[in-house]
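Since the structure comes first, as structure tokens, the remarks are kept for the end.
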Amino acid sequence: MGTKEDVRSRLDIVDVISAHVRLTPAGKGRLKGLCPFHREKSPSFQVDTEQGYYYCFGCKSGGDVFAFTMRAENLSFGDALRTLAERAGVPIEAKYGERSSRDLYDVNAFALAFYRQHLTGAPLAYLTARGVTPDTTDAFELGYAPGEWDALLKHARTRGISERQLLDAGLLSEHPSTGRVYDRFRGRLMFPIRDALGRLVGFGGRVLGDQKPKYLNTPETDIFKKGELLYGLHKARPAVQGSGELTIVEGYLDVLLMHQHGFTNTAATLGTALSDGHAALLARQGVRSLALLFDRDEAGQRATLAGLDQVIGARFAVRALSVSGAKDPADVLAAGGAATIHAALSGGQDEVSYRVGTVLAQHDAATTAGKRAILHALLPRMQSLDPLDDVAQRMRDLVCERLDIKREAMLEWITSTARRRVLTDTQLNGMRVTGRDEHHDELELLKAVLQYPKAARSLDLTRAWRLPLMVQVLRAAQTARSADDIIRTFDGHADQQTLIRLLFEARGAALDTEEARDVAAAAAERASHEIETKLSINDLRAEIARLSKQALELDGPERTELLSQIRDLSRAVEAEKRARLARR
């Protein structure tokens, strides 16, 4: 019998870890990838190919090939040793009394052989009628569970397999009152379910008629965790690792027909919404984006939304797709509609536009009642402030744009207890955007100065500019001969990119002649003075409004003094207006 070191010597840790993590070169003797044990966007997980160890600089997890297998597959050391020994082809001896999940895999394999033998007659004809070819039937190891109550149980007894082993594998059910055991799967088309490593962990059974439930899966066992499995993923892995995208469908037959017609990066959930467990599983496979291809009926729409509600949306780029002309992808493909599937996969909506669009279609965004309903409906997906969740951020931005709401007001509502109350009309009106960005005019002035730096020399550097950048630019423009001179003073500063963008926006078409440049310079100079005057007038008006509010609360000499200041400011406004007209 072999030892642990025999197993280690026959295995390449890179091959083992690559089944879970997409690895890329990171220097001599090193590979890197996204850690499968914690959430990250930049790879901090490394493998030393020469020493045979892995280490994550993010979560500090590290070890050899056995430690990795134990953690990645949630196995005891004994089960990890047996799993790797089988992979390496090294026979080992199990310790007495140590329970091994290998027993469950072996019992499932026994049941699969039994089901495969019974795929004849009506069940086989059903698959043919649904467009499933014999090659696909064999590739996915389809079978049939006879309708008798104890067909599998009787056959197991002849092979020395106990009731307890069948119960542990989820192949038998036990009556709660009488304790009588019987076959869990009866009269069903059987779909063997394998994990991402190809191990047979359970089954899904589908009735051929109208009986309920339509689908029945293996119950939760030591190796069957419905929230961590996807049907067909082991077949889809090569295509997924190449493209980074996985298509998720609802039914097992959808998976069969999709693979049969060349859409091999397809898998299906086991009747559940996508979960945290799925997110961890898919991240290990190198999945970067998901295409959710569900039915177009109401149930399919709900399934799509349920999928997008999970943390899946925070870790992957998600698109929701639909197929016109049939209920599900299997029907479309059976009818020769591969082109329709191609069209569906090339389109679709991402999570943000899909969810926002669906809710906007249900409510009138022009009314306060409609806005209130939209905000409350989308709040669960918008309220995440996780910096890695750019979906929530993009959704907030789109809702603000569509509902004409200030972004800072949206964040204040999300982060306060106000979100737990019904939004009043007054609150909603207070969240509305009432005009252009307060920095708009100063940005326009910056554009004018970049086009004609000399214009800055007659501007007031001491005024209270809203943009801190204004003073820096105006100072640089005092001695600058061109926009380039101004921009160079911001080398190594983040604001340099802003100035370059403003310059591109201001210039528009190229100025090919000296005359055109002179005209542009004159226009820029006029614009700079025009904007500064406008800013001055706005500041004066704001001060008038502030003093007027104070005057209402005073009387006597204090009020008289304020009214005198207001009159002086009003005269200053009129003077600015006259100066503005004189420069035109």
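Below 8 Å, C-alpha to C-alpha, sequence gap of six or more: please give me the relative contact order for region 78-227 in percent.
Relative contact order for region 78-227 comes out at 21 percent.
Taking square-rooted eigenvalues a ≥ b ≥ c of the alpha carbon gyration tensor, is region 1-136 rounded, prolate or oblate, where a/c under 1.5 means rounded and, failing that, a/b exceeding b/c means prolate?
oblate
HN-Hα J couplings of region 331-348 from phi, Karplus 6.51/-1.76/1.60, θ = phi - 60°, integer Hz, Gly and Pro as x?
Coupling constants for region 331-348: 5, 4, 5, 5, 8, x, x, 4, 5, 5, 5, 4, 5, 5, 5, 7, x, x Hz.
State the answer as a single residue: which of A129, I13, Y53 lies farthest towards the positive end of the charge dipole of region 1-147, with beta carbon charges of +1 for Lys and Arg and -1 for Asp and Glu, about the Cα centre.
Value: Y53.
Pairs to check: K32/K225; K28/K225; K154/K212; K28/K60; K28/K235. Give those whose C-alpha atoms are more than 30 Å from each other in this structure.
Where the Cα-Cα span goes over 30 Å, the pairs concerned are K28/K225; K28/K235.
If packing is taken as the average number of other Cβ atoms within 10 Å across a peptide's residues, how do 205-214, 123-132, 192-201 rank, most packed first?
Top to bottom by mean Cβ count within 10 Å: 192-201, 123-132, 205-214.
Mind giving me the nanometre distance, one decimal, between the label points for Q427 and S76, set 7 Å out from Cα along Cα→Cβ?
5.5
Taking amide H atoms as placed 1.01 Å from N in the peptide plane, list the residues 5 or more away in sequence, or in a different chain, whose amide H sits under 5 Å from that of N217.
The answer is G205.
Based on Cβ point charges of +1 for Lys and Arg and -1 for Asp and Glu, what charge dipole magnitude is obtained for region 14-91 about its Cα centre, in debye rounded to the nearest 20?
About 340 debye.
Figure the gain on full extension for S18 and E561 (residue separation times 0.36 nm, minus the Cα-Cα span) and round it to one decimal in nm.
The span from S18 to E561 would gain 187.5 nm if fully extended.
Please list, ordered by chain and number, the residues whose modelled amide H lies under 5 Å from the amide H of L172; skip anything fewer than 5 residues away on the same chain.
L167, R184
How many angstrom lie between the Cα centre of region 350-368 and the Cα centre of region 232-293?
For region 350-368 versus region 232-293, the Cα centre distance is 28 Å.
Would you grab the residues whose amide H sits under 5 Å from the one on L292? Only those 5+ places off in sequence or on another chain, please, with H modelled 1.01 Å from N.
Placed amide hydrogens put I248, R319, A320, L321 under 5 Å from L292.
Could you give the length gained on full extension between R164 and T368, defined as 0.36 nm per residue of separation minus the Cα-Cα distance, in nm?
Here the segment from R164 to T368 would lengthen by 67.2 nm.
Based on the mean of other Cβ atoms within 10 Å per residue, sort peptides 157-167, 256-266 so the most packed one is first.
Put in order of decreasing packing, that is 256-266, 157-167.
State the extension gain, in nm to one decimal, for the chain segment bounded by A545 and D485, taking 0.36 nm per residue of separation less the distance between their alpha-carbons.
Fully extending the segment from A545 to D485 adds 17.6 nm.
No lab work stands behind these numbers, since they all come straight from the coordinates. As the structure is a computational prediction, the values presented were derived from the model and not from experiment. Counting neighbours? That spans all protein chains shown, and the Cβs are built from the backbone with ideal geometry, glycine included.
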